[in-house]
Amino acid sequence: MQLIDGSKIITEACVRAGADVYVGYPITPSNWFYAYAQKRFPLFLAGPDEISVLQWMSGFSAAGRLPVTATSFPGLALMVETLNMAHMMELPMAIIVTQRLGPSTGSATTGAQGDLLLLRGAISGGCPMPVFCPSNFEDCWNLAYESIQVAIRYRTPVVLLTSKEMVMTHKSFDVSALPEIKKVERETAKVELPYQSYRSGADGVPPFVPLGDETYQVRLNASTHGNLGLIQKGSAEAMANTRRLKDKLEKNIQSFTFYELDEEAGADELIVSYGISSDAARDAVTEIRRQGKKVSLLVIKTLLPVPPAILDILERYKKQVFVEENLPGLLRELIYGQARRKNIRSVNKIGSMIAPSEILNEFAV
Amino acid sequence: MTPPILSRKDMPFCPGCGHGIAVKNLAKALEEAGYDPLDAIIVSDIGCAGLVDSIFATHTIHGLHGRAPALALGVSLGLIDPDKKVIAIQGDGGATIGLQHLLEAARRNVDMTLIVLNNLLYGMTGGQMSGLSTQAFKAGHLIEDDTPPFDVVQLMHEAGAAFSCRITAPGEFKAHFIEALATSGFSLIEVACLCPSHGVKKLKELADVAMGDLKLAYERAPARAEYRETAPLFGLEKPVATANRSTIKERLGLVIAGSAGGGVQSAARLIANAGILSGLHVTMKGEYPITVGAGFSAAEVILSRKPIHYTGLESPDVVVAVTEDGMAKARSRKKEHTTLVLDSKLREEAFPNAIYGDFQKEGGKQGAALYAAAFWLVREGVLEIEALLEAARKHKHSEALVELIEKAGTVNSER
Ligand code: SF4
Ligand SMILES: [Mg+2]
């Protein structure tokens, strides 16, 4: 056992997976990433603001590097336009978002789970990019690796959505139980001639060739473009390219669907949680079962795009309780919208983590 | 002969547009300087100036409004082959909205060339004034705004650009582009441009309203991206086995509260490490106001026989408070069953489970928190003094800590 924190685990996993550039702008509660990255990343740069941070990262990514940053809502808000650019250009990178209490500057040193729907809607046009959410230290390690892997494999920015309590709490932890991480190799693109930066194969992912390549002319574009990477307005080819951004993720989502399902035979009630509230849910489930009631638990780790496998599980349960540290119930809204639903309940809170006892109240007879 | 830099002759601009003149001169400059198309990366912005991609046979990347210099900075420092030439092109509108990016690239002297095509207005959106529109130009456009423009050439020079210059006459464009391209470090060229659709229509007039030509050099080393080999933050080795040497039955929640700079966080961390050395599961987290250097500083430690999931501490078993700042925290955290361990200067009237000691006096400003906590933990047998000492010895200021813990242990044995 050693005393360790989520920031350290995530940073180490990113570098082992092959991330080589960290561009940072200090913001609480993401500062530990900044400090660890300064020690561990092959290249560390301090940006002057979060717009610059993500622009620089996009440049690094276009040149063939794998950049990472960590931020919180105020920084994320500034990044949204460039996030769209990176999504449109199909640039692999990872953005760690450490949630803190909002609105606005809110409380920098208080955790929260308030940014899910911002990420859901961040891309104009509505197609989300992959969002992973660790529920414990094992997840920090594994999902950091998956973020790099998915970013490279599907040429996309990936968000690792954490919260203050996940990355600034020390816990005794046995790191030897973690799987080894191998560097994600970037396959040399199998290029069909003539090369076009946005012509894709069957998986919907165009082979990546970096800017500065000796053989192929690379054209990347943030505006609506054809296969060549030049602006095209309204052409069938350009619309197909735009549609492909959605399809490439949805078509391949099985390969990055992660969740934990603790099903109890005969239970018709399901607790649904994610991120920092998951451990309270785990403790609550143990206690509810100890009291002789049947209950199942679903911890969602791939939040976006919403995996069909998650919807399949939800359909099996008549009664559901969503546990998340925000007021409106953002995950619940992501799944069910604002329509009133019988038997879909929520445990919500702001200002501090939801305690197991607060979930138990929901199950009191 | 290297292949042509331009892939087509027709320009995507209005007839007579100054951007076309500038772009053709840039292509000639690259050709004369011996660049193969794939040796250059054109980073384009938004606006009319951003339409250049399609005419270049080079690598191209078309980004957002005002951000081309920032995107180019990333490309330049990320290049697998740093000999490739990165050239960002933007208009005066782009330079206005993204001025920070120009300053930052110049400050770092990043190896890249930035061309600002200044036609004194926003062309694509209908001719609005930018931060680079001159007073002379605005006066002729019924604009009631005589604010002087940014002089980006001067600004870039001040910020640290290796080369920065402004040219008005198209006849001089090529030679200056060649000079900029040959610069090692950040080079800026602002060129005056016609905009027949919304702005100046004749070169003669342009000379009257444009800012005067200027050329400034600053010899300094360019930014270099050094990709280092680094050591892992931790290895995945099996941990050393720890003996069970704690008396706690299930779980103990401890809050340590003091003032910023009072060693509260490191005391909590040391106790958590001692817990691990005693065969326990532990969590430790800090709580502080927004400014960590002032006001209270508090930390929570949970020591447990079983693995800990939820890391919150709803009702602490013991709260240690050694200053007034910490006392306020202790009052808000204590429950009926909580034991308070307080400095003797502090008082919690009518609270039966309070223990007092001269922790500030004995432990000093920075040691009181650890001293008080160690005193109580050892006294109650929660942790053996040896475990605390072992954790302390791994610390960089081990001597002082060891002394402090030994002293805290002595108080107990004297009782
Ligand atoms: S609007 Fe002006 S700047 Fe834009 S293309 Fe036409 S002439 Fe050139
Ligand atoms: Mg302009």
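The values are calculated or read from the model by the stated rules, or taken from the named source; none is laboratory data. Since the model is a prediction, treat every value here as computed from it, not as a measurement. Reconstructed Cβ throughout: ideal geometry from the backbone, glycine too, with neighbour counts over all protein chains shown. SASA here: full protein model, heavy atoms, side chains in, ligands and nucleic acids out. Shrake-Rupley method; radii C 1.70, N 1.55, O 1.52, S 1.80 Å.
Give B:47, B:16 a once-over and let me know the one that is more than 10 Å from chain A (Cβ to nearest Cβ), farther than 19 Å from residue B:100 by Cα and within 16 Å of ligand 1 (Cβ to nearest atom).
Of B:47, B:16, the one residue that is more than 10 Å from chain A (Cβ to nearest Cβ), farther than 19 Å from residue B:100 by Cα and within 16 Å of ligand 1 (Cβ to nearest atom) is B:16.
For the condition farther than 26 Å from residue B:84 by Cα and in the same structural domain as residue B:98 (by TED's automatic domain parsing), what is the one hit in B:147, B:183?
Answer to the check: B:147.
Among the residues of segment B:58-94, which ones are over 23 Å from the mean Cα position of the chain (by Cα), open to solvent by less than 10 Å² (accessible area, probe 1.4 Å) and within 7 Å of chain A (Cβ to nearest Cβ)?
Once the filter is applied, which keeps residues that are over 23 Å from the mean Cα position of the chain (by Cα), open to solvent by less than 10 Å² (accessible area, probe 1.4 Å) and within 7 Å of chain A (Cβ to nearest Cβ), segment B:58-94 yields B:59, B:60, B:61, B:62.
Please note which helices (runs of 4 or more DSSP H) are completely contained in segment A:1-116 and include at least 2 residues that are under 15 Å from the mean Cα position of the chain (by Cα).
In segment A:1-116, A:6-17, A:73-89 are the helices (runs of 4 or more DSSP H) which contain 2 or more residues that are under 15 Å from the mean Cα position of the chain (by Cα).
Output the residues belonging to segment A:7-31 that are more than 11 Å from every other protein chain (Cβ to nearest Cβ) and more than 20 Å from residue B:78 (Cβ to Cβ).
A:26, A:27, A:30
Out of the residues in segment B:47-73 meeting the condition of being in a helix (DSSP H, G or I) and closer than 20 Å to residue B:36 by Cα, tell me which one is nearest to ligand 2 (Cβ to nearest atom).
Here the answer is B:52.
Which of the residues belonging to segment B:3-17 are without any contact (Cβ under 8 Å) to a residue 40 or more places away in the chain and either open to solvent by less than 40 Å² (accessible area, probe 1.4 Å) or within 16 Å of ligand 2 (Cβ to nearest atom) (or both)?
Answer for segment B:3-17, where residues must be without any contact (Cβ under 8 Å) to a residue 40 or more places away in the chain and either open to solvent by less than 40 Å² (accessible area, probe 1.4 Å) or within 16 Å of ligand 2 (Cβ to nearest atom) (or both): just B:13.
From A:359, A:335, A:350, A:354, grab the single residue that is among the hydrophobic types (A, V, I, L, M, F, W, C) and more than 25 Å from residue B:312 (Cβ to Cβ).
Going through A:359, A:335, A:350, A:354 in turn, the sole match is A:335.
Of everything in segment B:18-46 that's part of a loop (DSSP other than H, G, I, E, B) and out of contact with any helix residue (DSSP H, G or I) (no Cβ under 7 Å at 6 or more places or on another chain), which residue is nearest to ligand 2 (Cβ to nearest atom)?
Filtering segment B:18-46 for residues that are part of a loop (DSSP other than H, G, I, E, B) and out of contact with any helix residue (DSSP H, G or I) (no Cβ under 7 Å at 6 or more places or on another chain), the one nearest to ligand 2 (Cβ to nearest atom) comes out as B:35.
In segment B:221-234, which residues are at pLDDT 95 or above and either in the same structural domain as residue B:168 (by TED's automatic domain parsing) or open to solvent by 40 Å² or more (accessible area, probe 1.4 Å) (or both)?
Scanning segment B:221-234 gives B:221, B:226, B:227, B:228, B:229, B:231, B:232.
Would segment B:110-128 turn up any residue that is open to solvent by less than 10 Å² (accessible area, probe 1.4 Å), modelled with pLDDT of 95 or more, over 12 Å from residue B:49 (Cα atoms) and within 16 Å of ligand 1 (Cβ to nearest atom)?
yes
Give the number of residues within segment B:224-265 that are within 19 Å of residue B:405 (Cβ to Cβ) and not in a loop (DSSP other than H, G, I, E, B).
6
Filter segment B:19-44 down to residues that are among the hydrophobic types (A, V, I, L, M, F, W, C) and within 10 Å of chain A (Cβ to nearest Cβ) and give me whichever is nearest to ligand 1 (Cβ to nearest atom).
So, considering only residues that are among the hydrophobic types (A, V, I, L, M, F, W, C) and within 10 Å of chain A (Cβ to nearest Cβ), the one nearest to ligand 1 (Cβ to nearest atom) is B:42.
Let me confirm something: among A:83, A:43, A:78, which residue is touching a strand residue (DSSP E or B) at 6+ places or on another chain (Cβ under 9 Å) and at the interface with chain B (Cβ under 10 Å from one of its Cβ atoms)?
A:43
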